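Below: one structure, written as C-alpha cells.
The values are calculated or read from the model by the stated rules, or taken from the named source; none is laboratory data. From a predicted model like this one, the values you see are computed outputs, not experimental measurements. Methodologically, a virtual Cβ is constructed for each residue, glycine included, from the backbone with ideal geometry; neighbour enumeration extends over all protein chains shown. Please note that ligands, DNA and RNA were not included when accessible areas were found on the heavy atoms of the full protein model with its side chains. Shrake-Rupley method; radii C 1.70, N 1.55, O 1.52, S 1.80 Å.
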Amino acid sequence: METWITRIVALMCAGGSSALLWFFGVFVIVPWREGRMLSLTMTEFQVIVVSFLAGMAVMWGALHLFGLADRAERPKVYAAIRLLFSIGTITAVISGVFWGQTHLR
C-alpha cells in the first residue's frame, strides 16, 4: 500500500510538472515570435524563468518519488517510467508552444 501512495503522489507531481512546462511553452512563444528574446521585460523574464525552473524542480521531485517506489524493487519499470516521463515533459513544452502559436495572435 505504501508504494501505491508514493506512486499516486508522484503522478500528481508529474501532472503539475507537465502543466508548468506547458505554461513555459505558452509564455515563451510570444517574445520568440516577435523576435525579442534578448530584450524581455522583467515581468516576462520572471514568468518564463519561474515556470521553467519550477517545472524542472517538480519534475525532479516526481522522478525522485518514482525512484523511491520502484527503483530497488522493479528497476525496468522505473527505467520505463523515466523514459515515458521525459517524453511526456518534452511533449508538454512542444504542445504549449504550438498552442501559443495558434491561439495567441
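Laid out as a table, the results:
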read-out	value
Gain in span if fully extended, Ile90 to Arg74, counting 0.36 nm per residue against the direct Cα distance	3.3 nm
Contact order relative to length of the chain, as percent, for alpha carbon pairs under 8 angstrom and 6 or more apart	49 percent
Rounded accessible area per residue of the chain, 1.4 Å, Å²	65 Å²
Segment 28-42 - phi-based ³J(HN,Hα) in whole Hz, Karplus 6.51/-1.76/1.60, Gly and Pro as x	7, 6, 5, x, 5, 5, 7, x, 10, 5, 8, 10, 6, 6, 5
Whole-percent carbon and sulfur share, accessible surface of the chain, 1.4 Å	75 percent
Point-to-point label distance, Val9-Trp60, nm (Cα→Cβ direction, 7 Å offset)	1.8 nm
Debye, to nearest 20: dipole size of segment 19-105, +1 on Lys, Arg Cβ, -1 on Asp, Glu Cβ	160 debye
Peptides 15-25, 82-92, 35-45, 57-67 ordered by average Cβ neighbours within 10 Å, highest first	15-25, 57-67, 82-92, 35-45
